[in-house]
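The structure appears right after this line, and notes come after that.
Taken together, the values in this text are just the output of simple stated rules run on the coordinates, not laboratory data. Note that the structure is predicted; figures quoted are calculated from it, not measured. Using ideal geometry, Cβ is built from the backbone for each residue, glycine included, and neighbour counts are taken over all protein chains shown.
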Amino acid sequence: MAEPLVAEARIVVADPAALAGRLCDHFAEHASVSRDGASGRIDSVYGRADLMPADGVLRLRIECPSEQAFFLVRTSLVEHVFEFAAEPRITWTGHGAEAGTVPYFREMTVVAATAVTPRMRRVTLAGDVGHFAGGGLHVRLLMPPAGRPARWPVLSAEGRLTWPAGDDAVVARVYTVRRVDLARGTLDLDIVIHDGTDTPGSTWARQVQPGAVVGLMGPGGGDLPPGRRLLLAGDETALPAIARIVEALPAGAQATVLIEVADAAEEQPLHSAAELDVRWLHRDAGDRLEAAVRGQVLPPDDPEGFVWIACEHAPARSLRNWLRREIGFARERQTVAAYWRRGASGDQVAEAE
Ligand SMILES: Cc1cc2nc3c(=O)[nH]c(=O)nc-3n(C[C@H](O)[C@H](O)[C@H](O)COP(=O)(O)OP(=O)(O)OC[C@H]3O[C@@H](n4cnc5c(N)ncnc54)[C@H](O)[C@@H]3O)c2cc1C
């Protein structure tokens, strides 16, 4: 196993013990937290953080298994230090102590944009695609303003992610990497063309031409679900992820797949070595994903069962409650995600989730 990546910070603040307490309280919702007096330790799948308050200084030590985890843990801790303490001064030593580029950012160039269906466009990007071949299904697509040279986020010496502002501001939206083709050196994003007047991601996918430059941050979040008996359910925004998940399933696995799309023209072929039972739900015919999922019989104690759902915020929240409270489906065998929210832009959804 690779050596963990380790860094230490000296954080000068007025009340180090209070800051350690607030960080522990906050991260207790997302990770396992243990305390020893004013000191604390935060453990998660992304790594470990030790918080040691002393006179006028909070010492923070982080230890993470990978570059991506290190970046997530460090930026998340640093942003919360700035949220919870007035004018903190942070000095880092160890891994990644220098200011500079974001380790999991890559600039990419559009090489093609084609229609998959009337409301889904495939944008093909070239660049360091090998970087996106593992370690999570999703990326943040950064779209620079038209007609200006692209400027990208950088990391400050304090470990803060600093975004270009004003005329150079970029728009970020989350998408699934539909396919990485290492032989061709390309990566596909399948992007839904949806209604609305101010829809940067959808508009970009509709208009973008080969040669355009974009940024990708990731990959991160969302792993292939485990288990051999899966229920996969989603709307068209989840279709790229569902297509990728079923392609990765082995022979002998079984998946029931429920996908809500606008109409029959939005159906796409799904390829898998597993046994698939696919049901397309057409909104124009009154079909709804939530009702279809609720109609499924889900044995809550099947150790090989897994439920994966991604769709609009309201059905996602309702189905999450239904699975947990009514079905009693084990939390570790379910993923229910809001991929978009009616009336809210994608950056607001990403912040709220
Ligand atoms: C982990 C993750 C993975 C995702 N993967 C994909 C993917 O592979 N392909 C994909 O197309 N999308 C994907 N999405 C969803 C996508 O990020 C959102 O739909 C995003 O809001 C689109 O940005 P936009 O700029 O087009 O619209 P925004 O500016 O974000 O929103 C503008 C308006 O459009 C509405 N809106 C947003 N999305 C939709 C929609 N799909 N249908 C109808 N109205 C909508 C909003 O409610 C808002 O009122 C993913 C989201 C997440 C969190």
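Find the centroid of the Cα atoms in region 1-60 and in region 138-158, then give the distance between the two in whole Å.
Answer, in whole Å: 29.
Ignoring everything except DSSP H segments at least 4 long, calculate the 222 nm mean residue ellipticity for the chain; use -39,500 (n - 2.57) per segment, divide by total residues, nearest 500.
-6000 deg cm²/dmol
Looking at the chain, what % of its DSSP beta bridges pair antiparallel, to the nearest 5?
70 percent
Mind checking which of Ala20, Pro149, Val336 is farthest towards the positive end of the chain's charge dipole, using Cβ charges of +1 (Lys, Arg) and -1 (Asp, Glu) about the Cα centre?
Pro149
Which length gain, in nm to one decimal place, applies between Arg342 and Trp280 when the Cα-Cα distance is subtracted from 0.36 nm times their residue separation?
Numbers: separation 62, 0.36 × 62 = 22.32 nm, distance 2.18 nm.
Answer, rounded to one decimal: 20.1 nm.
Kindly list the residues of region 201-230 that lie in the label zone of Arg148, defined by a backbone N under 16 Å from the point 7 Å along the Cα-to-C-beta vector.
Zone members listed by number: 213-215.
For Leu5, list long-range residues whose amide hydrogen, built 1.01 Å from N in the peptide plane, is under 5 Å from its own amide hydrogen.
Distant-sequence amide H within range of Leu5: Cys64, Ser66.
With Rg and the Kirkwood Rh both taken from Cα atoms, where does Rg over Rh land for region 105-220? Before the final figure, lay out the partial values.
On the way: Rg = 14.1 Å, Rh = 14.7 Å.
Using Cα coordinates only, the ratio equals 0.96.
Would you mind working out the magnitude of the charge dipole of the chain relative to its Cα centre, with +1 at each Lys and Arg C-beta and -1 at each Asp and Glu C-beta, to the nearest 20 Debye? Before the final figure, lay out the partial values.
Values: 37 positive and 47 negative charges, 29 e Å.
With Lys and Arg at +1 and Asp and Glu at -1, about 140 debye.
Under a plain spin-label model, where a point goes 7 Å from the Cα along Cα-to-Cβ, how far apart in nm are Ala265 and His80?
4.8 nm
Rounded, prolate or oblate: pick one for region 152-228, where a ≥ b ≥ c are the square roots of the eigenvalues of its C-alpha gyration tensor, a/c under 1.5 means rounded, and failing that, prolate if a/b is larger than b/c, else oblate.
The shape class here is oblate.
Counting other beta carbons within 10 Å of each residue's own, what order do Arg48, Arg342 fall into, fewest first?
Least crowded to most crowded, the residues run Arg342, Arg48.
Compute the relative contact order of the chain as a whole-number percentage, counting only Cα pairs closer than 8 Å that sit 6 or more residues apart in sequence.
The value is 13 percent.
Please say if region 219-353 is rounded, prolate or oblate, where rounded means a/c under 1.5 for a ≥ b ≥ c the square roots of the C-alpha gyration tensor eigenvalues, and otherwise the choice is prolate for a/b larger than b/c and oblate otherwise?
It is rounded, given that a/c, with a ≥ b ≥ c, falls under 1.5.
Residue by residue through region 330-345, which ³J(HN,Hα) values in whole Hz follow from phi under the Karplus form 6.51 cos²θ - 1.76 cosθ + 1.60 (θ = phi - 60°), with glycine and proline marked x?
4, 4, 6, 10, 8, 10, 10, 10, 8, 8, 7, 9, 3, x, 10, 7
Count neighbours as other Cβ atoms within 10 Å of each site's Cβ, and list the GluC sites (Glu not before Pro) in region 23-114 that are DSSP loop with at most 14 such neighbours.
Values: sites: Glu29, Glu63, Glu67, Glu79, Glu83, Glu98, Glu107; in loops: Glu29, Glu98.
Counting only loop positions with at most 14 other Cβ atoms within 10 Å, the GluC sites (Glu not before Pro) in region 23-114 are Glu29, Glu98.
Relative to the present Cα-Cα distance, how much length would full extension add between Val12 and Arg294 at 0.36 nm per residue of separation?
96.3 nm
Each label point is 7 Å from the Cα along the Cα-to-Cβ direction; what then is the distance between the points at Leu161 and Val57, in nm?
2.9 nm
Going by C-beta contacts inside 10 Å, put Arg317, Arg325 in order with the fewest on the left.
By the 10 Å Cβ count, ascending, the order reads Arg325, Arg317.
Modelled label-to-label distance, Arg206 and Arg89, 7 Å Cα→beta-carbon offset: nm?
For Arg206 paired with Arg89, the spin-label model returns 5.2 nm.
Rounded to whole Hz and in sequence order, give me ³J(HN,Hα) for region 282-295 from the Karplus expression 6.51 cos²θ - 1.76 cosθ + 1.60, θ = phi - 60°, writing x for Gly and Pro.
Values, residue by residue: 9, 4, 5, 9, x, 6, 9, 4, 4, 5, 5, 5, 5, x Hz.
If each residue's Cβ is checked for other Cβ atoms within 10 Å, how do Cys24, Cys64 rank with the fewest at the top?
Cys24, Cys64
Let me make sure I get this right: for region 5-96, a, b and c are the square roots of the gyration tensor eigenvalues over alpha carbons, sorted descending. Under 1.5 in a/c it's rounded, otherwise prolate if a/b > b/c, else oblate. Which is it?
oblate
Given Cβ point charges of +1 (Lys, Arg) and -1 (Asp, Glu) and nothing else, what value in debye, to the nearest 20, does the dipole of region 31-128 about its Cα centre take?
Values: 11 positive and 12 negative charges, 94 e Å.
Dipole size: approximately 460 debye.
Label point 7 Å out from Thr109 along Cα-to-Cβ: which residues of region 178-209 have amide N under 20 Å?
So the set is 180-189, 205, 207-209.
Output the DSSP H helices from the chain with an along-axis C-alpha extent of no less than 24 Å and a mean Kyte-Doolittle hydropathy no less than -1.0.
Going by DSSP H runs, the hits are 67-84.
Over the chain, what lengths in whole Å, largest first, do the semi-axes of the equivalent ellipsoid take, defined as the square roots of 5 times the eigenvalues of the alpha-carbon gyration tensor?
Here the semi-axes work out to 36, 27, 18 Å.
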